[in-house]
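S.K.: Pasting in a structure now, in structure tokens, and then I'll have a few things to ask.
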Amino acid sequence: MDLDRPSALLRGKRLVLGVTGSIAAYKAVSLLRALTGRGASVSVVMTNSATKFLAPLTFEVLSGQPVTTGLFEACEEMRHLTVPEGAHAIIVAPATANFLAKAAVGLADDVLSTILLTAQCPLIVVPAMDGGMWEHPTVAEHVRILRARGVVVLDPEEGPLASGQVAQGRLAAEPRILEAVQALLTPQADWLGQRVLVSAGPTQEAIDPVRFISNRSSGKMGYAIAEAARDRGGDVVLVTGPTALRPPAGVEVVPVTSAQEMADALGRHFSWATVVVMAAAVADFRPREQAARKLKKQGRTSFTLDLEAAPDILAMLSAQRTTQILVGFAAETEDLISHATAKLVGKGLDAIVANDVTKEGAGFGSDNNAAVMLSRGGRRKELGLMSKRRLADEILTEVRELRTAGRPSAATVE
């Protein structure tokens with residue numbers, strides 16, 4: 001799905017676009033054009049503060065519909081009832097911290113917040129605010145409340161803000177917003193009945209009570225796969241090492257720390273699963289012994305750490321499986337295809353997703369990734385640079401083909 005190219009994926013969908021008083025309000029103009037360009041009918045609702053940044057006439061001309069701005073105007077025409085009537089979704093972009101607070105507690109002191117209390121359709125909220133506000137405990141609590149109600153809240157992005165600060169607060173990029181809208185309104189159900197076990201993130205192998213060996217995995221790829229499988233109808237268990245990511249709603253999350261803990265958790269859920277996707281970056285080695293107390297420098301100029309192999313989880317699961325489809329990942333810095341092929345065959349996998357972590361704009365910590373997917377039977381799929389969520393959907397589509405075809409009896413990769 002190319003989100004940069006207009007399509008008719010939203011044809012017949014009626015949307016309400018709420019715009020609040022943020023400097024990012026000008027970006028709602030482009031979003032409106034993108035939504036209408038995909039076939040949606042869009043009614044715009046602006047708060048009074050939003051009209052200080054943009055004239056309602058701009059949205060009226062582009063949407064071809066009257067713009068609702070005032071509560072009393074809306075009440076006189078009952079537009080707080082008629083605007084959301086029959087709407088497939090409400091999108092609030094940008095959403096200020098003030099709006100989040102009102103939405104969370106049900107305060108209805110303007111037309112947009114009143115509409116939220118009358119609407120019967122899904123809500124997507126796209127926050128934008130200045131530096132430090134997104135991390136404030138009150139804002140975090142309001143976001144938690146909204147997500148618990150099933151509201152889709154997109155995290156703001158990090159970057160330069162209007163105040164000159166560089167922090168997390170920028171409105172999510174338009175492709176992310178469109179992706180969320182299309183995922184909500186044109187859901188796939190091709191994974192209904194599938195039980196998907198996903199691993200994500202790094203493991204931490206303790207040296208002593210305060211130090212550990214780990215890697216740079218952010219967990220974003222594994223979390224994206226879990227979310228994509230959930231959105232396509234699958235039942236999902238996510239076994240995750242330590243990350244800074246929020247647990248996905250609607251997914252059973254099993255937190256672990258070490259490679260052994262991850263192996264134990266995956267082992268407990270393995271017989272339940274029909275598909276297993278090992279996106280975690282599990283440590284290859286761990287300290288042979290963990291010190292009971294913090295190791296002191298004590299004048300040392302060098303230190304030798306005795307390591308042993310950590311559990312080979314992929315090999316363990318491969319040896320135990322019956323009918324499960326087993327997918328691995330290979331993060332490489334050189335000889336991508338040859339190393340991935342060796343792992344595919346050596347571990348007895350059905351497919352492997354290979355990515356070059358040195359590639360610019362992809363790899364650890366990035367929101368984007370690029371990969372090559374190799375499958376038993378010789379299938380090879382090039383997956384160019386794209387968002388990790390979109391890549392997750394591409395991977396699941398390929399796995400669905402494997403599932404439909406059945407597992408070949410031998411691994412042959414050309």
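The values are calculated or read from the model by the stated rules, or taken from the named source; none is laboratory data. Treat the numbers as computed from the prediction; the structure is a model and nothing was measured. In this analysis, Cβ positions are derived from the backbone assuming ideal geometry, glycine residues included, and neighbour counts consider all displayed protein chains.
S.K.: Is it the case that VAL275 is of a type outside the set (D, E, K, R) and closer than 26 Å to VAL357 by Cα?
M.R.: Numbers: of a type outside the set (D, E, K, R): yes; closer than 26 Å to VAL357 by Cα: yes.
Yes; evaluated as a whole, the condition is true for this residue.
S.K.: Which of the numbered conditions does GLY164 fail, given that it passes all the others? Conditions: (1) modelled with pLDDT under 90; (2) within 18 Å of VAL92 (Cβ to Cβ).
M.R.: (2)
S.K.: Could I ask something else about it? Could you give every pair whose Cβ atoms fall below 9 Å, whose first residue belongs to the range 9-21 and is on the phi < 0 side of the Ramachandran plot and assigned by TED's automatic domain parsing to the domain that holds ALA180, and whose second residue is surrounded by fewer than 24 Cβ atoms within 10 Å (Cβ to Cβ) and among the aromatic types (Phe, Trp, Tyr), counting only separations of at least 6 or pairs across chains?
M.R.: Going by the 9 Å Cβ cut-off, the qualifying pairs are VAL19/PHE53; GLY21/PHE53.
S.K.: Quick check on my filter: what residues within the range 134-151 are of a type in the set (A, V, I, L, M) and more than 20 Å from SER22 (Cβ to Cβ)? Please lay out each step first, then the result.
M.R.: From the range 134-151, those of a type in the set (A, V, I, L, M) are 139-140, 143, 145-146, 148, 151; that's our starting set.
Answer for the range 134-151, where residues must be of a type in the set (A, V, I, L, M) and more than 20 Å from SER22 (Cβ to Cβ): ILE145, ALA148.
S.K.: Consider ALA354 carefully, then state whether it is in contact with a helix residue (DSSP H, G or I) (Cβ under 9 Å, 6 or more places away or on another chain) and farther than 21 Å from ASP284 by Cβ.
M.R.: Details: in contact with a helix residue (DSSP H, G or I) (Cβ under 9 Å, 6 or more places away or on another chain): yes; farther than 21 Å from ASP284 by Cβ: no.
So ALA354 fails the test.
S.K.: Tally time: how many residues in the range 103-133 are modelled with pLDDT under 90 and closer than 17 Å to LEU17 by Cβ?
M.R.: Number satisfying all stated conditions: 3.
S.K.: Can you find a residue that is among the aromatic types (Phe, Trp, Tyr) and under 18 Å from VAL198 (Cβ atoms) anywhere in the range 363-375? Before you say what the answer is, go through the steps one by one.
M.R.: If we filter the range 363-375 for residues that are among the aromatic types (Phe, Trp, Tyr), which is where we start, we get 364.
Pick out the ones that are also under 18 Å from VAL198 (Cβ atoms) and you get 364.
Scanning the range 363-375 turns up at least one residue that is among the aromatic types (Phe, Trp, Tyr) and under 18 Å from VAL198 (Cβ atoms).
S.K.: To continue, here is another question. Looking only at the range 296-313, filter to residues that are surrounded by fewer than 18 Cβ atoms within 10 Å (Cβ to Cβ), among the aliphatic types (A, V, I, L, M) and modelled with pLDDT of 95 or more; which one of those is farthest from the chain's Cα centre (by Cα)?
M.R.: Within the range 296-313, the first condition is being surrounded by fewer than 18 Cβ atoms within 10 Å (Cβ to Cβ), and the residues that meet it are 296-309, 312.
Next, only the ones that are among the aliphatic types (A, V, I, L, M) stay: 305, 307, 309.
Retained after the next criterion (residues that are modelled with pLDDT of 95 or more): 307, 309.
Working: LEU307: 34, ALA309: 32 Å.
Among them, the one singled out is LEU307.
S.K.: Now a separate question. Among the residues of the range 175-182, are any assigned by TED's automatic domain parsing to the domain that holds SER22, without any contact (Cβ under 8 Å) to a residue 24 or more places away in the chain and surrounded by fewer than 18 Cβ atoms within 10 Å (Cβ to Cβ)?
M.R.: There is no residue in the range 175-182 that is assigned by TED's automatic domain parsing to the domain that holds SER22, without any contact (Cβ under 8 Å) to a residue 24 or more places away in the chain and surrounded by fewer than 18 Cβ atoms within 10 Å (Cβ to Cβ).
S.K.: To continue, here is another question. Could you list, ordered by first residue, the pairs with Cβ atoms under 6 Å in which the first is in the range 272-301 and in the same structural domain as ALA351 (by TED's automatic domain parsing) and the second is among the polar types (S, T, N, Q) and part of a loop (DSSP other than H, G, I, E, B), at least 6 apart or interchain?
M.R.: Short answer, once both residue conditions are applied: ALA273/GLN324; THR274/GLN194; VAL275/GLN194; VAL276/GLN324; ALA281/ASN215; ALA281/SER217; VAL282/THR203; ALA283/THR203.
S.K.: Also: Where in the range 112-218 are the strands (runs of 3 or more DSSP E), entirely inside, with at least 2 residues that are farther than 25 Å from GLU85 by Cα? Walk me through it before giving the result.
M.R.: Details: elements: 123-127, 157-160, 166-170, 195-200.
Counting at least 2 such residues, we get 157-160, 166-170, 195-200.
S.K.: I want to confirm something. Restricting to the range 229-246 and keeping residues that are touching a residue at least 40 places away in the same chain (Cβ under 8 Å) and not in a loop (DSSP other than H, G, I, E, B), which single residue is farthest from GLY365 (Cα to Cα)?
M.R.: ASP235
S.K.: Then there is this: Would you check which residues across the range 357-398 are aliphatic (A, V, I, L, M) and outside any strand (DSSP E or B) and list them? Before you say what the answer is, go through the steps one by one.
M.R.: Here is the first cut: in the range 357-398, the residues aliphatic (A, V, I, L, M) are 357, 362, 370-374, 383, 385-386, 391-392, 395-396.
Passing the criteria: VAL357, ALA362, LEU391, ALA392, ILE395, LEU396.
S.K.: Considering only residues of the range 314-359 that are under 15 Å from PHE270 (Cβ atoms) and of a type in the set (S, T, N, Q), which is surrounded by the most Cβ atoms within 10 Å (Cβ to Cβ)?
M.R.: That would be GLN324.
S.K.: Taking GLU261, is it within 22 Å of ARG403 (Cβ to Cβ), in a helix (DSSP H, G or I) and of a type in the set (Asp, Glu)? First the steps, then the outcome.
M.R.: Working: within 22 Å of ARG403 (Cβ to Cβ): no; in a helix (DSSP H, G or I): yes; of a type in the set (Asp, Glu): yes.
No; evaluated as a whole, the condition is false for this residue.
S.K.: I would also like to ask the following. Can you work out which of the residues in the range 61-102 that are charged (D, E, K, R) and in a loop (DSSP other than H, G, I, E, B) is modelled with the highest pLDDT? If you could, list the steps in order and put the result at the bottom.
M.R.: Taking the range 61-102 as the starting set, the residues that turn out to be charged (D, E, K, R) are 73, 76-77, 79, 85, 102.
Cutting the leftovers down to in a loop (DSSP other than H, G, I, E, B) gives us 77, 85.
Details: GLU77: 59, GLU85: 78.
Once the filter is applied, the top-ranked residue is GLU85.
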